[in-house]
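What follows is a set of notes on a single structure, which appears directly below.
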Amino acid sequence: MTSGDHPGETATVSSPPSRGVVALAARRVTKRFPGVVANDEVDFELRAGEVHTLLGENGAGKSTLAALLCGLYQPDDGHIERGGQPVRLRSPREGLARGIGMVHQHFRLVERFTVAENVVLGDPAQPALLRRADIEARVAEIGERFGLPVDPRARVSSLTVGQRQRVEIVKVLYRGAEVLLLDEPTAVLTPQEAEALFTTVRAMTAEGKAVVFISHKLGEVMAVSDRVTVMRGGRVTGEVATAATSARELAELMVGRPIEAEVRRGSAAGGEGDGTEAGPALEAAGVRLVQGGQTVLDGIDLAVFPGEVVGVAGVAGNGQRELAAVLAGITAPTSGRVQVAGTDVTGGGARAARGAGLAFVPEDRLGTGLVPGLSLTDNMLLTRRREFLVNRRAARREMATAIESFEIKTPGTEAAARVLSGGNAQKVLLARELAGLGTGAGPRAIIVASPTRGLDIGAAEMVRGLLHDAREQGGAVLIISEDLDEVRSLADRMVVLYRGRVALEGPTDELTLEEIGLAMAGIQPEGAVAPG
Amino acid sequence: MRLRLERRLEQRWWHTVIAPVGAVLAALVVGAVFLAIEGFSPVTVYRELFKASFTSAFGITDSLAIATPLVVTGLAAAVAFRMNLFNIGAEGQLYAGAIGGAWAGLALGPHLPGPLAVAAVLAASVVGGLVWALPVAVFKAWFGTSEIITSLMLTFVALYLMRFLIFGSKSYWRDPAATNFPQGRKIAEAAELPPFGTYRTGWGLVVVIVVAVAVWALIRFTSAGFDMNVVGTSPEAARYAGISTARVVLMGLLLSGALGGLAGGIEVAGRAHALDPNGLELGLGFAGIVVAALARYNSFAILLVAAFLGGLRNAGVALQTLPGERVPVEVSLMLQGAILLFAIGAEIFVRHRLRLVRSGIGPAAGVAT
Amino acid sequence: MGENHTMTIRSRFGRWRWLLVLSTALGLMAAACGSSSDDGTDTSSGTGDSTKTSEATADSTATSEADGAATDSGEAIKVAFVYVGPVGDAGWTKKHDDGRKELEEALGDKVETSFLESVPEGAESEAVFERLAREGNKVIFGTSFGYMDQMLAVAEKYPDTVFMHATGFKTSDNMGTYFGAAEEARYLSGMAAGAMTKSNTIGYVAAFPIPEVIRGINAFTLGAQKVNPDATVKVVWTSTWFDPTVEKEAAQTVLSAGADVVAQHQDTPSAGEAAQAAKGFWVGYNDDMSRFAPDAWLTAPVWDWGPFYIKTVEAVVDGSWKSEQYYGSMADGLVNLAPVSDTVPQDVRTQIEDLQKEIEAGTFAPFTGPVAKQDGSEAIAAGAEAPLADLLSMNYFVKGVDGKIEG
């Protein structure tokens, strides 16, 4: 039903099972930002009682469309229809007044308030004098009805991420939302929490509510949605019924070309045997870290051997970030040892770790990994050994080569790093950190945090390929990420962190999703022996 | 509906030129309105201002004489500010440098040939500035104490120390022959920076130009300068790259202090020729902050901005003697204040852009591409 | 050194301090201009070489008729004044500017005056004086001690211009100095203070421990003791001539230390405000400042520069001017006592008036022996009159002063 030339869109023809009337629709809406057409004559239809996924890469325009649908933005052309009537939504508040509620990826809760207080906070429909008991009762009632168990009197500061998300959903339901827009809701959840969310979504649609589900994770899209609208470059490239499509077809609609065979975790020929004999390239022994009175790392033992990829998974805030900082020498551990290629670098700082052969690609690419205000050439020099005078000539040549071989989109080697998109920044980082790999001068161990987070499929593919190559060339790769799919798709071996401890460890192929999920949630399976 | 500031993704080179130039122009426009309200002819006042400072050999050299110390105090501020270290104590470091420089001029000057005597004064003034910046640097680097507070407080200590040395004690610096009003002893003639002929500007100008180039080269070409850039713009990246923030902060503040001290030495060797509290308490150190801000911390721009502000200051007197249009001294003060305010405002617009938005929250991710 | 007259240094920094503390940015900015002075402007791009006539300035404004008239005809003589503070300081600078106005009034269109205010002392002032000389000013008055070396340097370059330096001691063929015997009026004002104190403690807020100020404190103390032998004078140094805040704080310090009368050697009336707030009395300086604190006001030693300025300029015009070191007095009107407040008992007022007549007649001098130093040793022998040279280099306190010269 749209433009585009990919054969995949023929899928549109199979008309989706219509469950009800059109609850919310965008009719040929266009939204421009300086230099960008974020939405280009986009059509979108949401029926009562359905889950309709907006699928697309970062920058495809799905968040802009969601913003148009909930009133955060106003279309430059075209219009929004609610219940068949054209409406002008001048703010999210007006959207909510018409029963359209958005649950953002980043929560907007006041930590010191209780759940009930947060739910009514800023609600224009509330009387000046709050009747606390009534509110709490209604919050509890909504929670029960949709499978969102929350204690209305609990302070938000005491809630887990998953619970906070429930509060956000209760908040829009409390205000009478009939249409819910969920922006990447599973990004912060454990598999079990995600499954619970899907149950909630189904409970809502069963009551006739309509849900727009925004995601780029094909697996959950297939699991939860009735229909999928795929976007690319600000346009709709296809609308398909989930039952009539496959993950592969959706991926091709997203990318706009056939997907190459996925880069898989390495074959057994990855050289593990040699590596083990050579000893670990990166090793943590009994690493403890106490920060501000809190034990954030509690006796971590970890070893990464040459030629293997180890993944560290866990729900955000369970010590992953701190572990990366300790291993990279940025933070000194309170106790325990860190060795890089057999050299003890504990407490020696980042330079000692690097000197021993460590490379580190941090999660925060622009700002930590790269200095936004410096040129690409200078960023190349950031982690290099420098003499009294800075030698830019070699760095410039190296950067120029990298731009060519990694297809980095930049005005040139002297452009400031801040102009780079996420994918290009990641390529620059990898070019710098992996330089010389396989030769004697290159890194022996590589720590990569959330390597593909926020990247489009093309860039993510390239990053996966680079990490794969690094492993093939005998590098020891440690991937630390909150994205379980990312870890599972890349790692030979997995470690799950929970509250600064290793909660589960084993070869990726031998761990079930359920086991991993329980470990992430801190639940020990019956009879399991606590590892590490 | 409301206005919102958004960070610019890209800063074009011309932003950095437009901003200060626009700031100056806007300040002049505001100044013109102010002048007109007060009954002056803005055209006349501005023409006189320009003529007085920039159209004759005397005017230009007098403007440059004022600009000379401003270049160094501007560099002192710029070196620190670009690292987000707000050393606002260049004023005190200047006094400390003057104390050190005057000592060298008195003690070593008589025994050294000209160029060496001058070098001794300048070197001693650098030491003075370093000593004064050392506590600021140490407390900031290792204890995180606000350099704003310590550098400002030490400015007062330096001020009162200098006054004490001349007014309050029979110190080495005080002229024992001045039995009535206490004065500083004149340094040896060999230790003076010679003027160009009969003009009031002299070799001090050459010194500060060399220093400006040296500071630029230091930041551009050395690893120390590289580290300062990283620490200044991105402390997280510095930690990530294993650059010792404490060491670099220490270095940056000491360099800033050394430059502040050097300004004192240049004033002693070039103009005051003695530890002269009255001739030194001109607010040159504080003015350096303005110079640095307008020049956006660029060494070469600092040379131009210092010349411009030197001219503005120089013209203040000319404006006071305009027949029929006597412009009070407050006007040139007001004008300079306006320039600073607009400069700060322009800085915000270089880094951000103003957008009209309907009430709402952050921009959609869709805009990113 | 015989004829050195004392000085008046006013600090620039103090004025800006509140700004500094308040906000760096703006304070810094303002200090930047440090008050804008300095100069050296050459306005004569058009006329190029006409450095020593007033054409230069005339040219620059094109429209000024006054200037046109002032040129070669020699009808109006150009006279410039350089002030260290603002003319609105209510004290030292205001009195000089009052003198300038008297000069204009007296000579009418024979004179054309201009003035520069808030010109910092020291190196930067040289450009100011040179510019004024280049613009064709025939007489240039500099009213602060710290202009001394710069005026001398410029005077050498411009031998046809007369430079007059207040409070200094260096002269040349075309540079003279002027100042006056404020101690005479100080003595009389001390009598008023001595009569009014009940605690027998008088506070004295003073700028710098230099002969000019010490002389004033001693004369004031001797005057107070004349009517009240038990009176003591408590001295607080401020190290600034012009800083209302510091002056006020210093006054509050002595008031809370038991003083009930405050005298000052400072430029602003803020000590009076402190005295009034504490229900004490106040002896001002420079000018009749009674309006600032009418309840506290007693009197003040004041300056009247006008007659001297008129005399000097007239002498330059008729060619009779010669370089000298002028030291004025109550007799010739340079120094005066402001009207004594009615608060002071009539008998004391009469006593003061009588003594003033004696001073003017030359039959009484404040520093007449016996005068004892703080430690009781003899400063001036009984019946002797201290010579001027001793007065001008005075560096001891008399008995009854509570304070130290150093620091």
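The values are calculated or read from the model by the stated rules, or taken from the named source; none is laboratory data. Here the structure is a predicted model, which means the values were calculated and not measured. All Cβ positions, even for glycine, are placed from backbone atoms using ideal geometry, and neighbour counts span all protein chains on display.
Overview of results
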| quantity | calculated |
| --- | --- |
| Selection count where residues are under 12 Å from C:W305 (Cα atoms) and among the hydrophobic types (A, V, I, L, M, F, W, C), scope the range C:89-134 | 2 |
| Any hit, the range A:123-138, residues being more than 22 Å from A:T205 (Cβ to Cβ), surrounded by fewer than 23 Cβ atoms within 10 Å (Cβ to Cβ) and touching a residue at least 60 places away in the same chain (Cβ under 8 Å) | no |
| Listing of strands (runs of 3 or more DSSP E) fully contained in the range A:1-81 that carry 3 or more residues being within 14 Å of another protein chain (Cβ to nearest Cβ) and modelled with pLDDT of 90 or more | A:22-33, A:36-47 |
| Breaking point among (1) within 11 Å of chain C (Cβ to nearest Cβ); (2) within 21 Å of B:R313 (Cβ to Cβ); (3) crowded, with 24+ Cβ neighbours inside 10 Å; (4) of a type outside the set (F, W, Y), for B:G89 | (2) |
| Enumeration of residues in the range A:487-515 that are in a helix (DSSP H, G or I) and touching a Pro at 6+ places or on another chain (Cβ under 7 Å) | A:L513, A:E515 |
| Whichever residue in the range B:296-322 is in a helix (DSSP H, G or I) and at the interface with chain C (Cβ under 7 Å from one of its Cβ atoms) and, among such residues, is surrounded by the fewest Cβ atoms within 10 Å (Cβ to Cβ) | B:Q320 |
| Those residues of the range A:143-161 which are surrounded by fewer than 19 Cβ atoms within 10 Å (Cβ to Cβ) and either among the charged types (D, E, K, R) or in a helix (DSSP H, G or I) (or both), in sequence order | A:E144, A:R145, A:D151, A:R153, A:R155, A:S157, A:S158, A:V161 |
| Any chance A:A324 is closer than 23 Å to A:G474 by Cα, within 14 Å of chain B (Cβ to nearest Cβ), part of a strand (DSSP E or B) and under 27 Å from the mean Cα position of the chain (by Cα) | no |
| Unmet requirement for B:V33, which otherwise passes all of (1) modelled with pLDDT of 80 or more; (2) under 20 Å from B:L341 (Cα atoms); (3) out of contact with any Pro (no Cβ under 7 Å at 6 or more places or on another chain); (4) crowded, with 16+ Cβ neighbours inside 10 Å | (4) |
| Candidate set: the range B:188-212, residues that are in contact with a helix residue (DSSP H, G or I) (Cβ under 7 Å, 6 or more places away or on another chain) and within 13 Å of chain C (Cβ to nearest Cβ); chosen: the one surrounded by the most Cβ atoms within 10 Å (Cβ to Cβ) | B:G204 |
| Matching option when the condition is away from chain B (no Cβ under 11 Å) and modelled with pLDDT under 90, among C:G108, C:G142, C:G146 | C:G108 |
| Conditions (1) in contact with a Ser or Thr (Cβ under 7 Å, 6 or more places away or on another chain); (2) aliphatic (A, V, I, L, M); (3) within 14 Å of chain C (Cβ to nearest Cβ); number of the one not met by B:V215 | (3) |
| Test: A:V167 is within 30 Å of A:N39 (Cα to Cα) and among the β-branched types (V, I, T) | no |
| Test: residue in the range C:332-347 that is within 30 Å of C:G176 (Cβ to Cβ) and loosely packed, with under 12 Cβ neighbours inside 10 Å | no |
| Answer from C:V119, C:V79, C:V128 - the residue that is in contact (Cβ under 8 Å) with a residue 12 or more places away in the chain, in contact with a Lys or Arg (Cβ under 8 Å, 6 or more places away or on another chain) and of a type in the set (V, I, T) | C:V79 |
| The range A:327-364, residues that are within 10 Å of chain B (Cβ to nearest Cβ), at pLDDT below 90 and in contact with a helix residue (DSSP H, G or I) (Cβ under 9 Å, 6 or more places away or on another chain) | A:G348, A:D364 |
| Residue in the range C:186-195 that is assigned to a loop (DSSP other than H, G, I, E, B), hydroxyl-bearing (S, T, Y) and not assigned by TED's automatic domain parsing to the domain that holds C:V317 present | no |
| Residue satisfying all of: in the range A:404-436; part of a loop (DSSP other than H, G, I, E, B) and touching a strand residue (DSSP E or B) at 6+ places or on another chain (Cβ under 8 Å); surrounded by the fewest Cβ atoms within 10 Å (Cβ to Cβ) among these | A:E414 |
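One line per residue, one yes/no per condition, for (1) out of contact with any Phe, Trp or Tyr (no Cβ under 6 Å at 6 or more places or on another chain); (2) outside any loop (DSSP other than H, G, I, E, B); (3) within 14 Å of chain B (Cβ to nearest Cβ):
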residue	(1), (2), (3)
C:Y204	yes, yes, no
C:A219	no, yes, no
C:K226	yes, yes, no
C:K234	yes, yes, no
C:W241	yes, no, yes
C:T253	yes, yes, no
C:V262	no, yes, no
C:V302	yes, yes, no
C:Y309	yes, yes, no
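Table: residues versus (1) surrounded by fewer than 24 Cβ atoms within 10 Å (Cβ to Cβ); (2) in contact with an Asp or Glu (Cβ under 7 Å, 6 or more places away or on another chain).
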position	(1), (2)
A:L366	yes, no
A:R393	yes, no
A:T439	yes, no
A:A449	no, yes
A:I457	yes, yes
